[in-house]
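Read the structure below first, then the notes.
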Amino acid sequence: MAQVRVNPFQVLAACAADWSRYGRLLDAASREAVRATLAELRCAGANQEATAERAARTLVGALPAEVAAELVREEEPGRFAGAPSAILHEGYGATDLCMLVLDGNPMVGPVLGAIRKRLLSAPAEPWSESADPRLIVLSDEDGRRRLPAFQFEAGTMPWQIVLEIGTVLRADLDPWGAADWWLSGTTWWDGTPADLLGHGRDAEMLGAARALVTADEEA
């Protein structure tokens, strides 16, 4: 990267936009090295330039030469001037790569990222290791884990129906999909399923969740 004029944030953004491809090209040691540099980048605060440079160099150096050449190309001077968060590639940024690699969070990019922000805007409680594993756990762009607050009947006691539906929707494997089901308006009812908690509609909601899963399995 030293021989060409590139912006490391642009390199990381481009990797995020096609991580399913680039990630497969890294061996275990390289993936761990990339994880380490991205963890540093996440914690770097306002002075991210040097850390982003190391992360981009680590990633590019671990890729096959012909693939690395796609990422490291001459750019127009000043083209990517501005805050790192504003440097995007097809709607993806370096923060998206951190979420993909460090958290396994798929909710990145211009489409899924907007859904992530909407779901994270709902009231939430901090996650702790004592939380019931059947609860929905979401993570923000800094990797902080949280529990959507609608899941709790009182204090730290979850609604039983939330746990049952979480099992049906496999909230452990797809927490974002489960959260979207609870927090999105539907044609079934006025408002969202979360609005129906405590109103004697548990059997109805459980049936709807099962019908959704059955339809997905038959599709």
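To the nearest whole percent, what portion of all C-alpha pairs in segment 115-171 is separated by more than 17 angstrom? Don't skip to the end; give the middle numbers.
On the way: 550 of 1596 pairs.
Considering segment 115-171, 34 percent of its Cα-Cα pairs are separated by more than 17 Å.
Measuring from the lowest to the highest alpha carbon on each principal axis, how far does the chain reach, largest first, in angstroms?
66, 38, 33
Contact order normalised by length for the chain, with contacts defined as Cα pairs under 8 Å and 6 or more residues apart; what percent is it?
Numbers: 255 pairs, mean separation 37.0, N = 219.
Taking the mean separation of contacting Cα pairs over the length of the chain, I get 17 percent.
What is the distance in Å between the Cα centroid of segment 145-167 and that of segment 28-53?
With segment 145-167 and segment 28-53 each reduced to a Cα centre, they are spaced 34 Å.
For the chain, what is the mean residue ellipticity at 222 nm derived from helices alone (per DSSP H run of n ≥ 4: -39500 (n - 2.57); sum divided by total residues; nearest 500 deg cm²/dmol)?
Working: 10 runs with 102 residues, N = 219.
It lands at -14000 deg cm²/dmol.
For the chain, find the longest principal axis of its Cα atoms and tell me its angle to the long axis of helix 28-42, 0 to 90°, nearest 10.
That helix lies at roughly 80 degrees to the long axis.
Using the count of nearby Cβ atoms within 10 Å as a rough guide to exposure, how do 43, 98, 15 rank from fewest to most?
Details: 43 11, 98 23, 15 26.
If I rank by nearby Cβ atoms, fewest first, I get 43, 98, 15.
Rounded, prolate or oblate: which fits segment 8-104, taking a ≥ b ≥ c as square roots of the Cα gyration tensor eigenvalues, rounded meaning a/c under 1.5, else prolate when a/b beats b/c? Walk me through the numbers before you get to the answer.
Numbers: a/c = 1.56, a/b = 1.16, b/c = 1.34.
Because a/c hits 1.5 or more and a/b fails to exceed b/c, segment 8-104 counts as oblate.
What full-extension length gain, to one decimal in nm, is calculated for residue 201 and residue 213 as 0.36 nm per residue of separation minus the Cα-Cα distance?
Details: separation 12, 0.36 × 12 = 4.32 nm, distance 1.87 nm.
Gain on stretching residue 201 to residue 213: 2.4 nm.
For a quick check: sort 136, 87 by the number of other beta carbons within 10 angstrom, fewest at the front.
On the way: 136 28, 87 20.
Lowest to highest Cβ neighbour count: 87, 136.
Using each residue's phi in segment 50-56, evaluate 6.51 cos²θ - 1.76 cosθ + 1.60 at θ = phi - 60° and report the 3J(HN,Hα) Karplus result to the nearest Hz, with x for Gly and Pro.
5, 5, 5, 4, 5, 5, 5
Could you put 9, 152 in order, starting from the residue whose Cβ has the fewest other Cβ atoms within 10 Å? Please list the in-between numbers first.
Values: 9 28, 152 16.
Starting with the residue having the fewest Cβ neighbours, the order is 152, 9.
Trypsin sites (Lys or Arg not before Pro), restricted to segment 164-211: which are DSSP loop and have at most 13 other Cβ atoms within 10 Å? All intermediate terms of the calculation are to be shown ahead of the outcome.
Working: sites: 170, 201, 210; in loops: 170, 201.
Taking segment 164-211 and a limit of 13 other Cβ atoms within 10 Å, the loop trypsin sites (Lys or Arg not before Pro) found are 170.
Could you work out the Rg to Rh ratio of segment 121-218, with Rh taken as the Kirkwood radius (inverse of the mean 1/r over all Cα pairs)? Don't skip to the answer; put the middle values down first.
Numbers: Rg = 13.0 Å, Rh = 13.8 Å.
Rounded to two decimals, Rg over Rh is 0.95.
Values in this text are rule-based calculations from the coordinates and carry no lab data. These figures come from a predicted structure and were not determined experimentally. Quick reminder, even Gly has a Cβ in these numbers, built from the backbone with ideal geometry, and neighbours come from all protein chains shown.
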